[in-house]
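Trainee: Have a look at this one.
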Amino acid sequence: LGSNLFRVLSPPSNPTGAEFDPDEDRKLLQSAKRWPWKRLSVGGHSAGAHLAISALKRTMDAHRYEKIVLFSGIYDLHPLLDTYIGKAINLAEAETLSITSLDEISVELLAIVGADESPKFKEQSQHIVENYVSKGYPMTMSDCYKAKIISL
């Protein structure tokens, strides 16, 4: 991946109901310390996009990250609460209370959405991209024709 570190974060697994996972924050900090001369990228898929944004907003090395890559991101976790996905990851009501935004982040954004994704996934990605663009930050949104991100 060239001179960039591409780190895909897993979906939230914090049983405390807090908005952050100290382990994921630690991973971002370790990456910045391990490669002090490199510009870094961070990414996440589905609810992992929520986690990637949340962790990046809290790391003191956020200035070292030049790109955030979001694959069919979920930024409002509440609609997942009563689904098979929410049940599989033991999603708690407290974890769904915050909606992730890209406020305070000024890195390049690459948002990738499968054309066959659920309308809610696409709507959430479109909303976060529009909000980011309104602030004048660089971004790209890619719609993968006839694909769900999970199938790529």
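Trainee: Amide H to amide H, which residues 5 or more places from residue 71 or on other chains are under 5 Å from it, using H placed in the peptide plane?
Mentor: Distant-sequence amide H within range of residue 71: 44, 45, 46, 112.
Trainee: Of the trypsin sites (Lys or Arg not before Pro) in segment 32-68, which ones lie in a loop per DSSP and count no more than 16 other C-beta atoms within 10 Å?
Mentor: 38, 39
Trainee: For a quick protection proxy, order the peptides 96-104, 108-116 by their average other-Cβ count within 10 Å, most packed first.
Mentor: 108-116, 96-104
Trainee: Let me ask you something else. Looking at segment 23-124, which chymotrypsin sites (Phe, Trp or Tyr not before Pro) are DSSP coil and have at most 14 other C-beta atoms within 10 Å of their C-beta?
Mentor: Answer by residue number: 37.
Read-outs: derived from the displayed coordinates by stated rules, not from any lab. Fair warning: this is a prediction, and the values are worked out from it, not measured in the lab. As a convention, Cβ positions derive from the backbone with ideal geometry for all residues, glycine included, and neighbour counts pool all protein chains shown.
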